[in-house]
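First the structure, in the form of structure tokens, and then the observations on it.
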Amino acid sequence: DFERILRFVGFRCLRYQQIEFEKDVLLDIINEAKNFCPDLEFNSSDFFEDILSTVPLFCRDGQYYKWVHKSLQEYFAAQFIYKDSKKDQDAILSAMYNSENLDRYINLLDLYYDIDNWGFQKNIILPLCKSYIE
């Protein structure tokens, strides 16, 4: 359950293109995750404390809270795409591949390749090959 919330948080943070947040913004993201997973009951403030101390995936940097490493955010975002967004998976991967800022997603796509080779081939390799042939 903890990982499920982290996957959502990782993906949402990726959409913001940030790894550093004010406390209120990060709590809002955790609350969005809570709404995304209505079958889970937890206190957002407790989860916030857990990701800071119990399982330190975030650290405090002045008034901001940030992922201890960007690759952790990308890992959880890749897991979210694979496990939690089945109906939107193709659209998300295609949007990343077709983005003008594809370089922002290279590490995430590399992680995704290891998680779901078939989905990666269908949404990234196939369009790349078609584009090359054209």
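The values are calculated or read from the model by the stated rules, or taken from the named source; none is laboratory data. Note that the structure is a prediction, hence the values are computed from the model and not measured. So basically every Cβ, Gly included, is an ideal-geometry build from the backbone, and we count neighbours across all protein chains shown. These area figures cover heavy atoms from the full protein model, side chains too; ligands, DNA and RNA do not enter into them. Shrake-Rupley method; radii C 1.70, N 1.55, O 1.52, S 1.80 Å.
Taking residues in segment 42-68 that are under 17 Å from residue 28 (Cβ atoms), and partners anywhere that are open to solvent by 50 Å² or more (accessible area, probe 1.4 Å) and in a loop (DSSP other than H, G, I, E, B), the pairs with Cβ atoms closer than 8 Å and at least 6 places apart or on different chains are 42/1; 58/68; 66/19; 67/19.
Would you pick out the residues in segment 55-77 that are of a type in the set (D, E, K, R), part of a helix (DSSP H, G or I) and over 23 Å from residue 37 (Cα atoms)?
Passing the criteria: only 70.
None of 82, 65, 97 is touching a Gly at 6+ places or on another chain (Cβ under 8 Å) and not basic (Lys, Arg) except 82. For segment 52-87, residues that are among the β-branched types (Val, Ile, Thr) and under 18 Å from residue 15 (Cβ atoms) total 1. When segment 96-108 is filtered for residues that are in contact (Cβ under 8 Å) with a residue 24 or more places away in the chain, within 18 Å of residue 16 (Cβ to Cβ) and surrounded by 15 or more Cβ atoms within 10 Å (Cβ to Cβ), the ones remaining, listed by number, are 107, 108.
Given the options 111, 93, name the one that is hydrophobic (A, V, I, L, M, F, W, C), closer than 28 Å to residue 131 by Cβ, assigned to a helix (DSSP H, G or I) and open to solvent by 30 Å² or more (accessible area, probe 1.4 Å). Working first, answer last.
Values: 93 fails: open to solvent by 30 Å² or more (accessible area, probe 1.4 Å).
Result of the check over 111, 93: 111.
If you check residue 15 against the conditions, is it part of a helix (DSSP H, G or I), of a type in the set (D, E, K, R), surrounded by fewer than 17 Cβ atoms within 10 Å (Cβ to Cβ) and touching a residue at least 24 places away in the same chain (Cβ under 8 Å)? It is false that residue 15 is part of a helix (DSSP H, G or I), of a type in the set (D, E, K, R), surrounded by fewer than 17 Cβ atoms within 10 Å (Cβ to Cβ) and touching a residue at least 24 places away in the same chain (Cβ under 8 Å).
Of all the listed residues (80, 42, 120, 48), the sole one being part of a loop (DSSP other than H, G, I, E, B) and either touching a strand residue (DSSP E or B) at 6+ places or on another chain (Cβ under 9 Å) or surrounded by 11 or more Cβ atoms within 10 Å (Cβ to Cβ) (or both) is 42.
Determine whether segment 63-83 contains at least one residue that is acidic (Asp, Glu) and modelled with pLDDT under 95. No, segment 63-83 has no match at all.
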